[in-house]
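Structure record follows, encoded as structure tokens.
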Amino acid sequence: SKQWYQRRVRGAIAVQVILRNLKHYLKLLTPYILVIIGFAGFVLYNKGIVVGDRSAHVAVLHFPQFLYFLLFLSAFSAPHMIQRLRYSHLTVLRYCFRPVHVALFFASAVLAVAYFRYEHPYLLSDNRHYTFYVWRRIFNRTPMTIYLLLPLCFYTFLNMVALLSTVHSKFFTLLYFLCAAAQTVPQGLLEFRYFLLPYILYRLHVPQHSWVVLFLELCQYTLINLITVKIFLNKTFDWPDVGELNPNPQRFMW
């Protein structure tokens, strides 16, 4: 039939276009292909993705990790989030007129915290890291503390969607959040290093702000690093329980 013939012609043209541009596509994809091959080779050689104690780094369904990531992003991009306050009311109002979306976010967040919160043994025992104190003094200070932080998570999420959507398609924005969730949710241990990759990718893909905001961001990071180095150099403590195994004084680190 005529329709069958037209489909055949369009299919043949599509194949010709792909073959004609195959070299160009391969050139664009080569860096990504090399990364995939390198990662696959590492997994085969290492017999897994874990480096170190495998029993302490088992994949779990730790959905609150994504909420912790939102709070991490809010804290480390504070100058940008504060600068967004004059625009955020429009974004919040737009979503508040869609009560289903708001209810879905908060219902999912509450269920995640209530049934999927995971306390890793390292988080509870290793007092050399920021996350030990963040967990004890903020997230786990009272049973309700993390729930009280959910509006901040929602505010951060809306601003991320708004900023990413201004320069990228909805598909890219959705794909980013899916990849960020895949990076964070399987991690049982609350550690900032798991948030760095999605955070850096977010910062690289959002519109550039004013030089004042960028300067404030630089000052924030510099201050955090100076405080961390100062504590590392000047504050040591002992672990009496493991004195024989590790007699050296312990130092604070990320």
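The values are calculated or read from the model by the stated rules, or taken from the named source; none is laboratory data. Computed from a predicted model, the values in this text were never measured in an experiment. Every residue, glycine as well, gets a Cβ built from its backbone with ideal geometry; the counts of neighbours run over all protein chains shown. These area figures cover heavy atoms from the full protein model, side chains too; ligands, DNA and RNA do not enter into them. Shrake-Rupley method; radii C 1.70, N 1.55, O 1.52, S 1.80 Å.
Structure notes:
- Of the residues contained in the stretch 177-192, none is found to be touching an Asp or Glu at 6+ places or on another chain (Cβ under 7 Å) and without any contact (Cβ under 8 Å) to a residue 24 or more places away in the chain.
- Candidate set from the stretch 196-225 (those that are touching a helix residue (DSSP H, G or I) at 6+ places or on another chain (Cβ under 8 Å), in a helix (DSSP H, G or I) and closer than 19 Å to residue 172 by Cα); member that is most open to solvent (accessible area, probe 1.4 Å): 197
- Restricting the stretch 153-162 to residues that are buried (at least 19 other Cβ atoms within 10 Å of the Cβ) and among the aliphatic types (A, V, I, L, M), the residue that is farthest from residue 75 (Cα to Cα) is 162.
- Of the helices (runs of 4 or more DSSP H) lying entirely inside the stretch 96-152, those containing at least 3 residues that are open to solvent by 80 Å² or more (accessible area, probe 1.4 Å) and modelled with pLDDT of 90 or more span 99-116.
- Checking residue 231 against (1) closer than 20 Å to residue 135 by Cβ; (2) in contact (Cβ under 8 Å) with a residue 60 or more places away in the chain, the condition it does not meet: (2)
- Pair list, Cβ < 8 Å and 6+ apart or interchain, from the stretch 109-125 residues that are farther than 9 Å from residue 64 by Cα to residues that are aliphatic (A, V, I, L, M) and not in a helix (DSSP H, G or I): 120/189; 120/190; 122/189; 123/189; 123/190
- Test: residue in the stretch 226-237 that is under 19 Å from residue 82 (Cα atoms) and open to solvent by 80 Å² or more (accessible area, probe 1.4 Å): no
Table: residues versus (1) within 30 Å of residue 122 (Cβ to Cβ); (2) touching a Leu at 6+ places or on another chain (Cβ under 6 Å); (3) among the aliphatic types (A, V, I, L, M).
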| position | (1), (2), (3) |
| --- | --- |
| 9 | no, no, yes |
| 12 | no, no, yes |
| 22 | no, no, yes |
| 32 | no, no, no |
| 42 | yes, no, no |
| 46 | yes, no, no |
| 49 | yes, no, yes |
| 59 | yes, no, yes |
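- Sub-7 Å Cβ pairs linking a first residue in the stretch 36-48 that is under 18 Å from residue 58 (Cα atoms) to a second residue that is open to solvent by 50 Å² or more (accessible area, probe 1.4 Å) and in a helix (DSSP H, G or I), at least 6 apart or interchain, are 48/54, ordered by first then second residue.
- Test set (1) open to solvent by 80 Å² or more (accessible area, probe 1.4 Å); (2) in a helix (DSSP H, G or I); (3) hydrophobic (A, V, I, L, M, F, W, C); (4) at pLDDT 85 or above - residue 61 fails condition number: (2)
- Inter-residue pairs, beta-carbon under 9 Å, first free of Cβ contacts under 8 Å to residues at least 24 places away in the same chain and in the stretch 133-150, second open to solvent by 40 Å² or more (accessible area, probe 1.4 Å) and in a helix (DSSP H, G or I), 6+ apart: 136/124; 142/148; 145/138
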